[in-house]
Amino acid sequence: MPHFKRRPLVAAMLITVLPPCTNAFACDEEAIEHLPTIKVTATIDGYKIDEVSSSKFTQPLLDTTQTITVIPEELLQDQGAATLRDALRNTPGITFQAGEAGAVTGDQNFTMRGFSARNSLLIDGVRDTGTYARDVFNLEQVEVAKGPSAAVMGRSTTGGFVNQVSKMPTLESFNEASIGAGSANYVRTTADINRPIGDSMAMRLNLMYHDADVSGRDVVTNNRWGVAPSFAIGLGTPTRISANYMKMKQDNVPDYGLPANLDGIDLDGNNVTDDGNDGLALLKNKATRSNFYGLKNYDFEDIDTDASTVRIEHDFSNALRLQNVTRYIDTQRNSATTSPRPPNRQLQRREQGSEVIANQTSLTVSFDTAGLRHDLVTGVEISREQTSNRNSAQTDNQPPISNPLNPNPNHAPNGPMPAITGDPSKAQVDDLAIYVFDTIALSEAWLINGGVRADSYDVTYRQNDAITGASILDLKQSQDTLTWQAGIAYKPRTNGTIYLGFGTSVDPSFDAANAGPQLSADGTSANNTRLAPEKSRSLELGTKWEVLDNRLSLNAAIFRTEKTNARTRDSANNLPFVLDGKQIVDGVEIGISGNITQEWQVFAGAAWMDSDIKASALSSEVNNSLALTPETSYNLWTTYRLPFNLTIGGGVQYMDAVYRNTTNITRAPSYTVTSLMASYPVNDAITLRLNVDNVTDEAYVANVGGGHFIPGPGRSAFVTADLRF
């Protein structure tokens with residue numbers, strides 16, 4: 001059991017209690033009686049963002065009683081980020097998991113603050129359950145909220161949630177494009193064109209093409225294109241209507257990585273005791289780090305994603321707004337992936353579908369009563385999520401791996417690609433939710449907030465035989481849940497807040513198996529339907545400050561998250577699952593974003609976490625750490641513009657070692673990855689940018705799995721021309 005590092009905890013507690021009123025970070029000396037009571041709506045260009053997009057958050061980030069990191073488009077552009085996973089490198093405490101049974105899971109299988117967040121991805125506030133790699137070409141910003149957030153966004157948000165905010169039309173006319181090329185056959189081009197039409201209408205078009213191998217990996221490649229048109233009318237008027245659509249297609253060779261062990265074979269070919277760590281030796285040797293255990297021109301991944309949104313807003317007055325959002329997203333994935341299990345190759349065939357349609361209606365009203373100021377939001381959400389899955393596994397067409405240290409991906413298969421027959425297994429989740437949130441200004445220095453959400457779920461699941469299509473299992477499940485959150489904020493200065501927040505979350509059993517709504521299909525489903533949702537609660541004490549004339553944001557928090565009835569296997573009674581577990585994560589998180597000077601930008605965060613399994617039906621788990629929960633993780637990105645307009649920058653990301661599972665026998669090692677950047681404006685229309693990622697060619701585990709792991713990309717470099725015309 002690793003020991004939690006206490007010194008950062010003490011430091012953060014001091015930061016929480018003592019406002020940073022030093023000469024370097026001077027506080028606003030305005031008297032407390034002059035504190036404003038209205039919501040701040042201004043934002044600052046660059047890395048500092050003042051607000052999130054959701055109407056459920058009525059206050060600026062400074063006065064929100066929760067840790068929220070907003071990753072802006074400008075930061076992603078400076079880093080040359082292409083995927084949501086690239087974006088999430090900019091916040092600590094997130095660990096990605098590798099898929100099992102052929103489910104290469106794109107971006108959505110990860111943990112936050114020690115708990116699974118696989119169903120906590122949203123687009124414009126609507127759940128996004130599709131299995132695909134999300135590209136950032138059509139994103140304005142990425143919002144990462146930490147801690148239980150079910151009252152805000154619904155189920156399965158114990159560790160928090162990630163909301164992707166789409167680009168929408170504006171009344172500004174601009175044409176922007178980028179063209180990039182680099183190592184590992186990297187080619188990427190994007191375009192962002194916005195055209196106002198008259199005084200209140202506008203159209204916007206975002207385009208993307210991406211084709212690249214993965215540096216340091218054989219055979220693996222990612223190819224995709226996307227188009228995202230949008231239209232808005234009524235901009236700048238009380239009634240606004242907008243609609244957008246996004247189409248993205250992917251044609252990839254997926255990466256299932258390296259085996260976690262080699263069945264007792266070390267790098268010299270000698271038989272050794274299998275301790276489960278042999279496979280990590282492959283990672284440390286550049287000659288074997290690139291090993292691909294599948295078959296070239298046989299393994300494949302085709303993904304088709306369609307998403308559309310219609311938003312209607314009407315301002316009855318400055319204090320009353322009605323909003324309705326309807327969103328539909330459909331993702332279809334067809335794949336064949338080889339599991340690295342030397343000396344065998346096992347092909348996993350999957351056809352997966354995910355479809356979500358949701359409608360949200362919310363009313364935001366500000367009013368005074370009994371001398372108190374209220375910012376209230378109430379609403380209703382209706383959604384239907386459907387997933388389908390057909391899969392099979394076989395080794396008949398895969399020749400064995402004669403040399404586990406040097407697999408040959410050019411071997412010809414023994415037969416054609418096997419077809420998947422029969423009807424797919426299907427799951428459907430219908431949800432009706434109502435919610436209400438209120439922030440009350442008790443005085444100019446004190447704010448309290450609270451919110452509650454009630455959900456009613458109806459779930460149906462049908463498991464079919466993979467060959468005959470005959471029904472094996474038909475299940476139905478209904479659950480009603482109630483979640484809430486509350487907080488209090490004290491503003492000793494206009495530019496600072498000290499807060500205490502509390503929240504709850506639920507994780508229903510139908511979210512326990514795979515990404516998207518799906519009951520476990522391993523013979524335990526009948527038991528799962530009798531299980532109540534897992535329940536979580538979190539307490540957070542923190543502080544937020546805006547310093548240097550509001551150019552720079554600082555935040556620090558200490559937190560505890562408890563899952564009070566965690567799902568565990570009951571070996572004593574031979575039952576699949578029981579709710580006898582208790583899991584706790586204590587931690588500290590700090591962050592900084594914005595401009596230190598006009599020329600110097602910074603975006604950084606750090607988290608220290610101590611996880612503990614306090615109780616479990618399996619005695620071997622008690623007092624162990626949670627899986628995929630690093631003790632220490634941090635990220636730093638900074639840029640500086642020199643007097644002759646050359647901007648230089650770079651970053652570092654550190655992740656502590658994490659255990660692969662709750663047995664705490666093996667773990668993925670810690671790593672440090674560094675990046676560099678330089679950009680120069682040739683003229684008003686062209687800016688050239690050089691990015692070098694993983695400068696030291698660090699060998700590290702990017703995705704942790706059970707029987708395998710996926711290495712992170714090796715050193716790569718690419719040049720991009722950013723165009724304005």
Note to self: With the requirement that a residue be touching a Phe, Trp or Tyr at 6+ places or on another chain (Cβ under 6 Å) and surrounded by fewer than 19 Cβ atoms within 10 Å (Cβ to Cβ), what does region 686-717 give you?
What the structure shows: Leu688, Glu698
Item checked: Glu631, sole failed condition from (1) without any contact (Cβ under 8 Å) to a residue 60 or more places away in the chain; (2) surrounded by fewer than 21 Cβ atoms within 10 Å (Cβ to Cβ) -> (1)
Item checked: All positions within region 413-426 that are in a loop (DSSP other than H, G, I, E, B) and either exposed (fewer than 11 other Cβ atoms within 10 Å of the Cβ) or among the charged types (D, E, K, R) (or both) -> Asn414, Gly415, Pro416, Ala419, Asp423
Notebook entry, point to check: Hey, does region 682-693 have a residue that's of a type in the set (D, E, K, R), within 24 Å of Asn645 (Cβ to Cβ) and over 27 Å from the mean Cα position of the chain (by Cα)?
Noted result: yes
Item checked: Qualifying strands (runs of 3 or more DSSP E) (wholly inside region 306-396; at least 2 residues being touching a His at 6+ places or on another chain (Cβ under 8 Å) and surrounded by fewer than 16 Cβ atoms within 10 Å (Cβ to Cβ)) -> 344-369
Check: For region 225-244, does any single residue satisfy the condition of being within 28 Å of the chain's Cα centre (by Cα), at pLDDT 95 or above, farther than 21 Å from Phe137 by Cβ and of a type in the set (A, V, I, L, M, F, W, C)?
Finding: no
Checklist line | Only one of Gly130, Gly180, Gly216 that is in a loop (DSSP other than H, G, I, E, B), in contact (Cβ under 8 Å) with a residue 24 or more places away in the chain, among the small types (Gly, Ala, Ser) and over 30 Å from Ile68 (Cβ atoms) | finding: Gly216
Checklist line | Given (1) touching a helix residue (DSSP H, G or I) at 6+ places or on another chain (Cβ under 9 Å); (2) loosely packed, with under 14 Cβ neighbours inside 10 Å; (3) more than 30 Å from Asn291 (Cα to Cα), number of the condition Asn406 does not satisfy | finding: (3)
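Residue-by-condition table, conditions (1) buried (at least 23 other Cβ atoms within 10 Å of the Cβ); (2) of a type outside the set (Gly, Ala, Ser):
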| site | (1), (2) |
| --- | --- |
| Met112 | yes, yes |
| Arg118 | no, yes |
| Thr129 | yes, yes |
| Gly147 | yes, no |
Notebook entry, point to check: Among the residues of region 517-536 satisfying the criterion of being of a type outside the set (Val, Ile, Thr) and surrounded by fewer than 19 Cβ atoms within 10 Å (Cβ to Cβ), which is modelled with the lowest pLDDT?
Noted result: Gly523
Checklist line | Search result, residues across region 294-349 that are farther than 19 Å from Arg127 by Cα and of a type in the set (Phe, Trp, Tyr) | finding: Tyr298, Phe300, Phe316
Notebook entry, point to check: Within region 92-106, is there a residue that is at pLDDT 85 or above and under 20 Å from Leu552 (Cβ atoms)?
Noted result: yes
Checklist line | Spans of strands (runs of 3 or more DSSP E) in region 599-705 with at least 2 residues farther than 29 Å from Gln77 by Cβ | finding: 600-615
Item checked: All positions within region 416-445 that are of a type outside the set (Gly, Ala, Ser) and over 30 Å from Trp484 (Cβ atoms) -> Pro416, Met417, Pro418, Ile420, Thr421, Asp423, Pro424, Lys426
Check: If you check Ala657, Ala685, which single one turns out to be within 27 Å of Glu621 (Cα to Cα) and not polar (S, T, N, Q)?
Finding: Ala657
Next item on the list: Answer yes or no: is there a residue in region 184-193 that is at pLDDT 95 or above, under 28 Å from Asp255 (Cβ atoms) and under 22 Å from the mean Cα position of the chain (by Cα).
Entry: no
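The values are calculated or read from the model by the stated rules, or taken from the named source; none is laboratory data. This one's a predicted model, so the numbers in the text were calculated from it and none came from an experiment. All Cβ positions, glycine included, derive from the backbone under ideal geometry; neighbour counts span all protein chains shown.
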